[in-house]
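Visitor: Got a structure for you, written out below as C-alpha cells; questions coming shortly.
The values are calculated or read from the model by the stated rules, or taken from the named source; none is laboratory data. All figures in this text were calculated on a predicted structure; none of them were measured in a lab. Here the Cβ positions follow ideal geometry from the backbone for every residue, glycine too, while neighbour counts run over all protein chains shown. Accessible surface is based on the protein model in full, side chains and every heavy atom, while ligands, DNA and RNA are left aside. Shrake-Rupley method; radii C 1.70, N 1.55, O 1.52, S 1.80 Å.
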Amino acid sequence: MIWRLIRRIKVPATMFLAAFAITVRAIVAFWTGTWMWFFIQPEMGTICISIAFLASVRLNKPLVEKLTLDYIHLPSAVLKHERVRRFFARITLLWAFVLLMNSTLSIFLAVYESLAGTLAGFMLLRTSAVALISGTAITFSIIAFKRLLHRLHVAHT
C-alpha cells in the first residue's frame with residue numbers, strides 16, 4: 001500500500017481495509033500478549049462467510065454459482081438446468097462446511113496451543129490440515145463439475 005501511495009497509484013479500498021484489519025489484529029495481539037488473538041480474529045470472519053454460504057443455499061442463490069460465473073462463462077440454458085442448480089447448491093454446502101471445518105480447527109489449535117507446542121508448530125499443523133481439507137474439496141469440486149458437464153453433454157447429444 002505504501003509503495004502505491006509513493007508512486008501515486010490508486011489504492012483500492014479493499015487494500016485500505018485489509019491494512020486496517022491487520023493493524024488492528026496486530027495491536028490486539030500485542031495488547032493481550034498472546035499470538036492466539038492474531039489468528040482467531042480472521043477465523044471468526046471465515047465462520048461468517050460460511051454462514052453466508054449456508055444462507056445462500058437456503059435462499060436458492062448459491063454463492064459458489066456466483067463466484068464461478070466471475071471466472072467461467074456458462075450459457076443461461078446450462079444454468080437453468082436442474083442438475084446444474086442442484087450441483088451449485090451442493091457444492092456451496094460443501095464449501096460452507098469446509099470453511100467452517102478449517103476455522104474450527106484453527107481456533108481449536110490456537111486455544112489448545114499446547115497441542116502444537118509453539119507458534120511454529122501451530123502454523124505447521126494448521127497449514128497442513130487446512131491444505132489437506134481444502135485440497136480435497138478443490139479436487140472433489142473440479143471432478144464433480146467436469147462430471148456434471150460431461151453428463152449434460154451426453155444427455156444433449
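Visitor: Given the DSSP H assignment, sum -39500 (n - 2.57) over each helix run of at least 4 residues in the chain and divide by its residue total; what's the result at 222 nm in deg cm²/dmol, nearest 500?
Guide: For the chain, the value works out to -27500 deg cm²/dmol.
Visitor: Does the range 7-84 come out rounded, prolate or oblate by the C-alpha gyration tensor, with a ≥ b ≥ c the root eigenvalues, rounded set by a/c under 1.5 and, if not, prolate when a/b is larger than b/c and oblate if not?
Guide: oblate
Visitor: What size of dipole, in debye to the nearest 20, comes out for the chain about its Cα centre when the only charges are +1 on Lys and Arg C-beta atoms and -1 on Asp and Glu C-beta atoms?
Guide: Charge dipole, the chain, about its Cα centre: 700 debye, nearest 20.
Visitor: Share of the chain's accessible area from carbon and sulfur, percent, 1.4 Å?
Guide: It is 71 percent, rounded to a whole number.
Visitor: Putting +1 on Lys and Arg Cβ atoms and -1 on Asp and Glu Cβ atoms, find which of Phe87, Met101, Thr68 reaches farthest to the positive end of the dipole of the range 36-149.
Guide: Phe87
Visitor: Further question: Mean separation of Cα pairs under 8 Å and 6+ residues apart, divided by the residue count of the range 30-121: what relative contact order is that in percent?
Guide: Dividing the mean separation by the residue count of the range 30-121 yields 44 percent.
Visitor: Output the DSSP H helices from the chain with an along-axis C-alpha extent of no less than 20 Å and a mean Kyte-Doolittle hydropathy no less than 1.6.
Guide: Helices meeting the span and hydropathy rule in the chain are 13-32.
Visitor: Projecting each Cα onto the charge dipole of the range 18-104 (Lys/Arg +1, Asp/Glu -1 at the beta carbon, about the Cα centre), which of Thr32, Ile51, Ala18 comes out farthest on the positive side?
Guide: Value computed over the given set: Ile51.
Visitor: Under the definition of Cα pairs under 8 Å and six or more residues apart, what whole-number percent is the relative contact order of the chain?
Guide: 21
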